[in-house]
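The values are calculated or read from the model by the stated rules, or taken from the named source; none is laboratory data. All of these numbers come straight from a predicted model, not from anything done at the bench. Note that each Cβ is placed from the backbone with ideal geometry, even for glycine, and that neighbours are counted across all protein chains shown. SASA here: full protein model, heavy atoms, side chains in, ligands and nucleic acids out. Shrake-Rupley method; radii C 1.70, N 1.55, O 1.52, S 1.80 Å.
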Amino acid sequence: MVKKTFTLLDGLQVGDGPVHKEVVLRDLRAGDVIEATEDAERAYTDDGRISIAASPTRVGMLILIKRIEKLGDLQMPLTEAEFKKLTLRDMNLINKMADEQEAQTALAARGRGD
């Protein structure tokens, strides 16, 4: 498994505590994707029938939350409310680093290392 460590540009402050910037991402597991999809599902009615749909945006957010193994000294996993406090720059950085991590994992799986 490949872990990715990096520093956020702006960081996350929860309450009056310190600004947390050090991030460690871990590889995804099948259960992470399944749980994120289930957690993002919402029931709605369509012509009297109940249907279930998952928001792709919310699934993506929940998957990122599950990948974050460490963010400063905060307790993991982050809550959705905490994650939503990240700046757009930091969220984009987490997405970029997650993409890089997936590429590194794929290379490692093929025996090419980091």
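Miscellaneous remarks
- Near pairs, Cβ below 8 angstrom, 6+ apart or cross-chain, from region 11-29 (of a type in the set (Val, Ile, Thr)) to any residue that is modelled with pLDDT of 95 or more and not in a strand (DSSP E or B): Val14/Leu74; Val14/Glu82; Val14/Lys85; Val19/Gly72; Val23/Ile94; Val23/Met97
- Of the residues in region 33-44, not one is farther than 18 Å from Leu88 by Cβ and assigned to a loop (DSSP other than H, G, I, E, B).
- Verdict on Leu8 being modelled with pLDDT under 95, touching a helix residue (DSSP H, G or I) at 6+ places or on another chain (Cβ under 9 Å), of a type outside the set (Lys, Arg) and surrounded by 16 or more Cβ atoms within 10 Å (Cβ to Cβ): no
- Qualifying residue in region 40-63 (condition: under 18 Å from Lys3 (Cα atoms) and without any contact (Cβ under 8 Å) to a residue 60 or more places away in the chain): yes
- Condition met for Val23 (at pLDDT 95 or above and open to solvent by 50 Å² or more (accessible area, probe 1.4 Å)): no
- Test: residue in region 16-39 that is among the hydroxyl-bearing types (Ser, Thr, Tyr) and in contact with a helix residue (DSSP H, G or I) (Cβ under 8 Å, 6 or more places away or on another chain): yes
- Extreme residue, most open to solvent (accessible area, probe 1.4 Å), among residues of region 62-93 that are out of contact with any Lys or Arg (no Cβ under 8 Å at 6 or more places or on another chain), assigned to a helix (DSSP H, G or I) and closer than 17 Å to Asp27 by Cα: Lys66
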